[in-house]
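Remarks on the structure that follows.
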There are 4 protein chains.
Amino acid sequence: MDIQPTHLARPAPELEVAAWLNVAGPLSIAGLRGRIVLLHAFQMLCPGCVSHGIPQAASVHARFSARGVVTIGLHTVFEHHAVMGPEALAAFVGEYRLGMPVAVDRPSTEGPVPQTMTRYGFRGTPSLALIDHLGRLRSTAFGRVDDLTLGAALGQLVLERDQAAGGEAAGCTPFGCALPEQLP
Amino acid sequence: MDIQPTHLARPAPELEVAAWLNVAGPLSIAGLRGRIVLLHAFQMLCPGCVSHGIPQAASVHARFSARGVVTIGLHTVFEHHAVMGPEALAAFVGEYRLGMPVAVDRPSTEGPVPQTMTRYGFRGTPSLALIDHLGRLRSTAFGRVDDLTLGAALGQLVLERDQAAGGEAAGCTPFGCALPEQLP
Amino acid sequence: MDIQPTHLARPAPELEVAAWLNVAGPLSIAGLRGRIVLLHAFQMLCPGCVSHGIPQAASVHARFSARGVVTIGLHTVFEHHAVMGPEALAAFVGEYRLGMPVAVDRPSTEGPVPQTMTRYGFRGTPSLALIDHLGRLRSTAFGRVDDLTLGAALGQLVLERDQAAGGEAAGCTPFGCALPEQLP
Amino acid sequence: MDIQPTHLARPAPELEVAAWLNVAGPLSIAGLRGRIVLLHAFQMLCPGCVSHGIPQAASVHARFSARGVVTIGLHTVFEHHAVMGPEALAAFVGEYRLGMPVAVDRPSTEGPVPQTMTRYGFRGTPSLALIDHLGRLRSTAFGRVDDLTLGAALGQLVLERDQAAGGEAAGCTPFGCALPEQLP
């Protein structure tokens, strides 16, 4: 999961979403400027998503929300459309007690792959996309990404955002304004 | 595992080491200037070290060596000294096939806690310390740290180092000089 | 998961099944006389079933089929009926690559709980039922059962069956007719 | 882990033990007649023992003690003798909080392999041996044995013991004298 240099990164495509769960109103890449966005593309009947990707996204949501990272689950159905509709997804999200925002990728009229998935070029599920605080697409990955690697990418983007905000100069870090530890 | 702001961070204490394994010659904090150092304090008979800390350190060693992170296992024996001597440690390192540099913390003449452990103020095992590319102690943690959190801290320190080296300006990231991905 | 003494055990209720997957024709308790039956009640949207119960049933299917144990997955939908129909189940079984016989418990006309689930008195999912070679219901359990405990129950029922068949007298065990190991 | 038919099984070799931990006095195969014995051969510096074998033996100890199964950890040191002596073992057993009886296999005067290990023909660690209630060696295994398989073997031996004691005739099973469940 390499992070793209800023001068090479392109703007992240906007989301095309048919419905949202776990959130009061629609989210958008444009509206999340200033935040880091982790986009987790999944399907509810994808075993690797259920065993690895979704728990990882939920863990990022729990640990990094306070650091300005917004985690979005994107339900990118490209197979078994009839049995992974919005009602099935709502039952799934409820049974698995997911708390992060979940978006239903808008189906295409031209084929099985939904629109946001196409825009981002995801090759399957699970996939990840990382978008920086200026809305640039900095990384995408297909398949299993380990937590150390994903954490490192998040740490970099959080620091970039914080530096741009003058945080470090103010004596703060991306992870808060910590008092010095009292080491002996 | 909060990262200390740079202007508040103190210099990392130098290592006091009785013996080294897996490395041709002694390492030192001073000699590792320019690298990020992850110091993993463990005892070979500490269950939490064997089940979580050591595998995590080995994983960082495998994934982040190419990014300029040096992972050092520090055997900080503060109990059961008679059965965790250098010969026992060598057998342990061999049986567990550890490849990272391993240092034997130098025993104290004044008590059970060895010298480097005292200098760093570690409260037990496993413990972690993170030292930045300028030799500053930026974070310490006692007990289990999850991979996402440790990864984020490493990502931040790697980016700081790379920025200081002018890497980003040259079109490179902490994780290499990547070509832009060919997204649609 | 206590095993019921034989003189106290009641006959296992017959299955009421709307459809079968992974098997050429319908199975029945009556038709499986001579076999031990492990009935695993699950729902495809039940997290504990997906993470623990179904992998355990698949493991029993893989390890104990040759020992005369028939493992049956019973899809006992008692909630979210609209999104756990036969088509959704077929997609689920395909994506998770389940190889054991899977039965769709027949819906009730009187309420949400399907018919076989009611007959067996299952309190939820996952649940297990163990039926001996004479068709007697010897044990039921709701929730997570560890592998050692389930294995012990299976070992007992397999031995009973084998003893009834005269296996031990013929020099064989429930697990085959083993040559003596050549121990020193 | 096949179970040997009774008419082919040989008597289990007696233990040759230099020291015992976690038990008031020495145990012996002869003295355990009437019990099933699970012998778990391990070395404290064997990674597969620490990650799999010892937790499994501890789980059997916790779950099957009430069913007449005695689990014994046998420290069969055949390498690194200098650093796996009795004092090191005592520290290990304490740190890992093992509660089962642990025996130190008596060293041989003729080579590195200790005496009980030789008698049982164990090929390495971890290894298991199962001894029935009449003191017969019914199974041995080298390496990882899964819980379902070990459970099945234990269930068989427990049932054999109980049948010999007339338990089933008295309305009891190997797992206690259960009241019939109140199934609908």
Distance in nm between pseudo-label sites at B:SER28 and B:ALA82 (7 Å out along the Cβ direction from Cα): 3.6 nm
Alpha carbon centroid spacing (whole Å) that separates region D:19-91 from region C:65-127: 42 Å
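Using protein heavy atoms only (no ligands, DNA or RNA), what is the total accessible area buried between A and B, 1.4 Å probe, nearest 100 Å²?
Looking at A and B, the buried total is near 3600 Å².
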Charge context of B:LEU130, other residues only, Cβ under 11 angstrom, K/R +1, D/E -1: 0
Geometric extent, Cα atoms of region A:18-144 - Rg, Dmax (angstrom): 13.5, 40
Helix-only mean residue ellipticity at 222 nm for the protein assembly as shown, each DSSP H run of n ≥ 4 adding -39500 (n - 2.57), per residue, nearest 500: -7500 deg cm²/dmol
Buried on assembly, region D:1-30 (at least 50 Å² less accessible surface than by itself, 1.4 Å probe): D:ASP2, D:GLN4, D:PRO5
FRET efficiency for A:HIS52 and B:SER65, using Cβ-Cβ distance with R0 set to 30 Å, rounded to 0.05: 0.75
P(r) tail fraction, region C:12-68 - alpha-carbon pairs more than 15 Å apart, %: 59 percent
Integer Hz, Karplus 6.51/-1.76/1.60 couplings in order for region A:25-34, x for Gly and Pro: x, x, 9, 8, 4, 4, x, 9, 3, x
Surface share of carbon and sulfur [accessible, 1.4 angstrom probe, percent] for the protein assembly as shown: 54 percent
Calculated label separations, A:ALA90, copies of the chain, 7 Å along the beta-carbon direction, nm: 2.6, 6.6, 6.8
Degrees separating the helix B:86-95 axis from the principal Cα axis of chain B, which is the longest one: 50 degrees
Antiparallel bridge percentage (DSSP; both residues within region C:4-176; nearest 5): 65 percent
Spacing of the two label points (7 Å from each Cα toward its C-beta) at C:LEU134 and B:PHE142, in nm: 6.3 nm
With all protein chains modelled, accessible area of A:GLU16 [1.4 Å, Å²]: 50 Å²
Principal axis box of the protein assembly as shown, alpha-carbon based, largest edge first, Å: 82, 74, 36
Test item: C:154-163 mean partner chain Cβ contacts at 10 Å: 6
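How would C:ASP2, A:ASP162, C:ASP147 line up by accessible area, probe 1.4 Å, largest first?
C:ASP2, C:ASP147, A:ASP162
The values are calculated or read from the model by the stated rules, or taken from the named source; none is laboratory data. Quick caveat, the model's predicted, so the values are computed rather than measured. All Cβ positions, glycine included, derive from the backbone under ideal geometry; neighbour counts span all protein chains shown. These accessible areas exclude ligands, DNA and RNA; they are computed on the full protein's heavy atoms, side chains included. Shrake-Rupley method; radii C 1.70, N 1.55, O 1.52, S 1.80 Å.
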